[in-house]
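Structure below; questions to follow.
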Amino acid sequence: MTGEPEVLDGDRAELVHLEHVWDAGMREAYSAYRVHAERPIALAAAMVEAAAELQGLGGPAAGALDLLLGDLCLARASRLLAATGDQRLQVGFARVIERTAAGAAGGAPSEPLRQQLLAVVSRAAPPAAPDPHPS
């Protein structure tokens, strides 16, 4: 994972056991969120997006390993958000997850997950400086 965006310099521990998930799409999601948010918030958003994908929201049932990896992503995202001390941000993320899960379970359809998360991170954090080493 050398030459990755700066997330790995400051948050390498957050990606332990998630290297495959990072390579399978979390890196791209992180880059999209990083334009709008500081590094830990962008990583949390990418982890939530990865969790939804791993857990197969709105699709076929996921396998046990993918469910566990999704849970790991959600737990780490929650910890990253708690470290910001911004309760509005934490509640915003929780509401996005609730809406998305409810929609996948047959409730009212929600906007695409990335669109919802971008709205939350854009309101909660000042725009981030661009990564000096984009992927």
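The values are calculated or read from the model by the stated rules, or taken from the named source; none is laboratory data. It should be emphasised that the depicted structure is a prediction, and the values quoted were computed from it without experimental measurement. Virtual Cβ from ideal backbone geometry, glycine too; neighbours counted across all protein chains shown.
Is it the case, given these coordinates, that ARG114 is surrounded by fewer than 18 Cβ atoms within 10 Å (Cβ to Cβ) and either in contact with a Gly (Cβ under 7 Å, 6 or more places away or on another chain) or modelled with pLDDT of 95 or more (or both)?
Answer is yes for this residue.
Which of the residues that make up segment 84-102 are of a type in the set (A, V, I, L, M) and within 15 Å of VAL121 (Cβ to Cβ)?
LEU89, VAL91, ALA94, VAL96, ILE97
Here is a follow-up. Within segment 53-84, how many residues are under 17 Å from ALA105 (Cβ atoms) and buried (at least 23 other Cβ atoms within 10 Å of the Cβ)?
1
The conditions are (1) hydrophobic (A, V, I, L, M, F, W, C); (2) within 17 Å of ALA51 (Cβ to Cβ); (3) in contact with a helix residue (DSSP H, G or I) (Cβ under 9 Å, 6 or more places away or on another chain), and ALA102 fails exactly one of them. Which is it?
Result: ALA102 fails condition (3) only.
Taking the residues in segment 31-45 that are of a type outside the set (Asp, Glu) and not in a helix (DSSP H, G or I) as candidates, determine which candidate is nearest to LEU89 (Cα to Cα).
Once the filter is applied, the top-ranked residue is ALA37.
Now for a separate question. Can you pull out the residues in segment 39-88 that are under 13 Å from the mean Cα position of the chain (by Cα), free of Cβ contacts under 8 Å to residues at least 60 places away in the same chain and more than 17 Å from GLY25 (Cβ to Cβ)?
Those that are under 13 Å from the mean Cα position of the chain (by Cα), free of Cβ contacts under 8 Å to residues at least 60 places away in the same chain and more than 17 Å from GLY25 (Cβ to Cβ): PRO40, ASP71, ALA75, SER78, ARG79, LEU81.
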